[in-house]
1. For Ser85, indicate whether it is away from the ligand (no atom under 15 Å from the Cβ) and among the polar types (S, T, N, Q).
2. Could you please find all residues in the stretch 53-90 being open to solvent by 50 Å² or more (accessible area, probe 1.4 Å), touching a residue at least 12 places away in the same chain (Cβ under 8 Å) and within 12 Å of the chain's Cα centre (by Cα)?
3. Return yes or no: is Ala50 within 19 Å of Phe127 (Cα to Cα), of a type in the set (Gly, Ala, Ser) and more than 10 Å from the ligand (Cβ to nearest atom)?
4. It is to be established whether one or more residues within the stretch 31-49 are within 14 Å of the chain's Cα centre (by Cα), among the aliphatic types (A, V, I, L, M) and surrounded by 14 or more Cβ atoms within 10 Å (Cβ to Cβ).
5. Does Gly135 satisfy the condition of being within 11 Å of the ligand (Cβ to nearest atom) and not hydrophobic (A, V, I, L, M, F, W, C)?
6. Being out of contact with any helix residue (DSSP H, G or I) (no Cβ under 7 Å at 6 or more places or on another chain) and either modelled with pLDDT under 95 or within 15 Å of the ligand (Cβ to nearest atom) (or both) is true for just one of Gly35, Gly21, Gly74. Which residue is that?
7. Scanning for something part of a helix (DSSP H, G or I), within 16 Å of the ligand (Cβ to nearest atom) and without any contact (Cβ under 8 Å) to a residue 60 or more places away in the chain, does the stretch 108-120 turn up at least one residue?
Amino acid sequence: MLYFVLKYLHVLGAAVLLGTGAGIAFFLLMAHFTGRTAAIASVARIVVVADYVFTATAVVVQPVTGVLLAWHMGYPLTEGWIVLSIILYLVTGLFWLPVVWMQMQLRNMAQDADAASVPLPPRYHRFFWTWFAFGFPAFAAVLGIFWLMIAKPNFRLPGLG
Ligand code: HEM
């Protein structure tokens, strides 16, 4: 029963991480291409809230349920697929944290431009494309984690048992 609950929460967390990440990227990208500051400002406002409510919760729950699952299943945390997943998880976080900050900047710039009825500033476009570029390594790392979690390849990283 405990195993089922942990796994259920862990798989739900994985779905939330991937789904919210992909959803946020898609909707903000689509809003950007409308070129309308009001649309960009509203979508960016929602995206910032969604990241705090959904992604941030899953970001905390995922390693907790993951470590408990490993402990329950008797997998040492030094197993190659677990260590590599944790490394990839940290890589995702390294790209995700600036992304959250950039989304707030994009939202503020779009709101200001909309309120003043002026075009988006060049800084907005720099931030937007950096935000876009940061999504690729973060997304690739999450896809890699999915593969590692499902395939559980049997290997050891040097220096770890
Ligand atoms: C960060 C630390 C993490 C640890 C220590 C961890 C640990 C584990 C363990 C031990 C299992 C095996 C459960 C079993 O065989 O029943 C598992 C399964 C799974 N994990 Fe993680 N996990 C972590 C993060 C993640 C992340 C970030 C994702 C995806 C975003 C993820 C997605 C999955 C999925 C989809 C499964 C189910 C695989 C299957 O049933 O074949 N995990 N995890």
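1. It is false that Ser85 is away from the ligand (no atom under 15 Å from the Cβ) and among the polar types (S, T, N, Q).
2. Scanning the stretch 53-90 gives Phe54, Thr57, Tyr89.
3. No; evaluated as a whole, the condition is false for this residue.
4. Yes - at least one qualifying residue is present in the stretch 31-49.
5. no
6. Sole residue among the options that is out of contact with any helix residue (DSSP H, G or I) (no Cβ under 7 Å at 6 or more places or on another chain) and either modelled with pLDDT under 95 or within 15 Å of the ligand (Cβ to nearest atom) (or both): Gly74.
7. no
The values are calculated or read from the model by the stated rules, or taken from the named source; none is laboratory data. Bear in mind that the values here come from a model prediction, so they are computed numbers and not experimental data. For neighbour counting, all protein chains shown are included, and Cβ atoms are generated from backbone atoms with ideal geometry for every residue, glycine included. These area figures cover heavy atoms from the full protein model, side chains too; ligands, DNA and RNA do not enter into them. Shrake-Rupley method; radii C 1.70, N 1.55, O 1.52, S 1.80 Å.
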